[in-house]
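The values are calculated or read from the model by the stated rules, or taken from the named source; none is laboratory data. The structure presented is a predicted model; accordingly, all values stated were derived computationally and were not measured. Cβ placement follows ideal geometry from the backbone for every residue including glycine, while neighbour counts extend to all protein chains displayed. Keep in mind that these areas ignore ligands, DNA and RNA; they rest on the heavy atoms of the full protein, side chains included. Shrake-Rupley method; radii C 1.70, N 1.55, O 1.52, S 1.80 Å.
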Amino acid sequence: MGRIVNGMDRNTALGEFLRSRRARITPRQAGLSDDGGSRRVPGLRREEIAQLAGVSVDYYVRLERGRRLNVSESVLDAISRALRLDPVERTHLFQLAKPAAGRPRRTATRPQPVRPGLRDLLRILEHTPALVLGRRLDVLASNQMARALLTDFDALPHRERNLVRFMFCDETARSLYTHWDTHAQDIVASLRRDAGRHPHDPLLAELVGELSVKDEDFRRWWADQNVYRHTHGSKHFHHPIVGPLTLHYESLTLPADPDQRLSVYTAEAGSSSEEALRLLAAWIRHPETSHGQHADH
């Protein structure tokens with residue numbers, strides 16, 4: 001039996017990922033001639049991917065159907081090129097295709113510890129929202145600015161200190177993020193990547209199952225099989241206290257623990273967003289006097 005990915009046989013997960021990537025490629029994109037006839041499936045056919053990857057059709061069909069195969073790296077490389085995978089998707093494919101090595105180890109369910117030095121760093125960044133994320137996008141630690149920008153994670157039970165749950169279960173998130181759909185899809189794709197890295201995580205399986213039942217958007221985007229790695233970018237907010245902000249983020253994987261990363265939000269120097277962050281910091285210090293002073297006044 002294959003390894004389990006969130007309640008799903010790992011070989012099945014591999015097959016679903018391959019089918020989803022195959023479905024998005026047109027013959028024209030792949031450099032193949034389109035016969036002009038109707039296609040029963042979107043994207044390329046299995047035999048076309050096999051041709052592009054230089055493997056037999058039978059071999060590729062068995063791989064996509066979840067048959068247990070010990071796939072070589074050279075074959076996975078060829079399939080990655082045929083499916084036009086980006087680096088994050090390629091890594092995800094390799095993780096799904098890795099053969100099981102002995103008895104599977106379950107991921108620990110206790111909260112991941114955060115080093116005291118990291119907590120000190122968060123405290124020192126008193127004018128900048130910053131937080132430490134772990135597996136499943138659990139919020140392991142956050143500073144006052146991050147809690148004021150997003151939500152007070154420290155006030156929540158440990159199980160609920162999670163960015164995915166915040167995005168889909170807290171109604172304030174939908175009004176806080178100006179482009180909620182885009183950010184929510186990225187969050188789901190990041191969780192999908194985590195599922196490939198930690199196939200035996202019972203808390204991740206629980207989270208996916210819970211949100212799949214509760215939220216139609218999550219269920220649909222999870223089925224898309226997209227994977228994403230947050231490294232840097234911009235996010236647009238409309239904060240109830242300080243108004244609109246455009247913040248840049250840097251997400252840094254910690255060398256001592258690759259399952260933790262430090263995310264820091266900054267504003268462009270001299271921008272209205274920088275002023276909004278100053279107002280947010282002032283509101284933290286004196287909430288009774290700063291309420292309602294929007295940066296877009």
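Label-point separation (nm) for F94 and E171, each offset 7 Å from Cα along Cα-to-Cβ?
4.6 nm
Bin width 10 Å, origin at 0, all Cα-Cα pairs of segment 108-191: what percent of pairs per bin?
For segment 108-191, the binned pair fractions read 17, 49, 30, 3 percent.
If you take all C-alpha pairs in segment 116-285, what percent of them are over 22 Å apart?
On the way: 6016 of 14365 pairs.
Across segment 116-285, Cα pairs with separations above 22 Å total 42 percent.
Evaluate E = 1/(1 + (r/R0)^6) for R19 and L121, where r is the Cβ-Cβ distance and R0 equals 45 Å; express this FRET efficiency to the nearest 0.05. Walk me through the numbers before you get to the answer.
Working: r = 43 Å, r/R0 = 0.96.
That gives a FRET efficiency of 0.55.
Tell me the mean residue ellipticity at 222 nm calculated for the chain from its helices only (DSSP H runs of n ≥ 4, each -39500 (n - 2.57), averaged over every residue, nearest 500). Intermediate results must be reported in sequence, preceding the final value.
Values: 15 runs with 140 residues, N = 297.
One gets -13500 deg cm²/dmol as the mean residue ellipticity at 222 nm.
Could you work out the relative contact order of segment 153-297? I mean the mean sequence separation of Cα pairs under 8 Å and 6+ apart, divided by the number of residues, in percent. Show your work: numbers first, answer last.
Working: 177 pairs, mean separation 25.5, N = 145.
Value for segment 153-297: 18 percent.
Taking the Cβ of R84 as the centre, find all other residues whose Cβ is under 14 Å away and add up their charges (Lys, Arg: +1; Asp, Glu: -1). Spell out each step's value before the answer.
Working: positive: R21, R22, R24, R28, R81, R90; negative: E48, D77, D86, E89.
Every neighbour counted, the sum reads +2.
Assuming 0.36 nm per residue, please report the length gained on full extension of the stretch R219 to H158 beyond their Cα-Cα distance.
On the way: separation 61, 0.36 × 61 = 21.96 nm, distance 2.37 nm.
Length difference between fully extended and current span is 19.6 nm.
Heavy-atom accessible area per residue, the chain, 1.4 Å probe: how many Å²?
That works out to 52 Å² per residue.
Once you have a ≥ b ≥ c as the square roots of the Cα gyration tensor eigenvalues for the chain, tell me rounded if a/c is under 1.5, and otherwise prolate or oblate according to whether a/b is larger than b/c. Provide the component values of the computation, followed by the final result.
Details: a/c = 2.49, a/b = 1.83, b/c = 1.36.
Prolate, because a/c is 1.5 or more and a/b exceeds b/c.
Quick one: helix 180-197 against the long Cα principal axis of the chain, what's the angle to the nearest 10°, folded into 0 to 90?
The helix 180-197 is inclined about 60 degrees to the chain.
Which FRET efficiency value, to the nearest 0.05, do you get for A269 and V41 by plugging their Cβ-Cβ distance into 1/(1 + (r/R0)^6) with R0 = 51 Å?
Details: r = 51 Å, r/R0 = 1.00.
Using R0 = 51 Å, I get an efficiency of 0.50.
Does anyone have the angle between helix 87-97 and the longest principal axis of the chain? Alpha-carbon axes, 0 to 90°, nearest 10?
60 degrees
On the accessible surface of segment 116-285, probed at 1.4 Å, how many percent belong to carbon and sulfur atoms? Walk me through the numbers on the way to the answer.
Details: 3820 of 7440 Å².
After summing per-atom areas, the C and S share lands at 51 percent.
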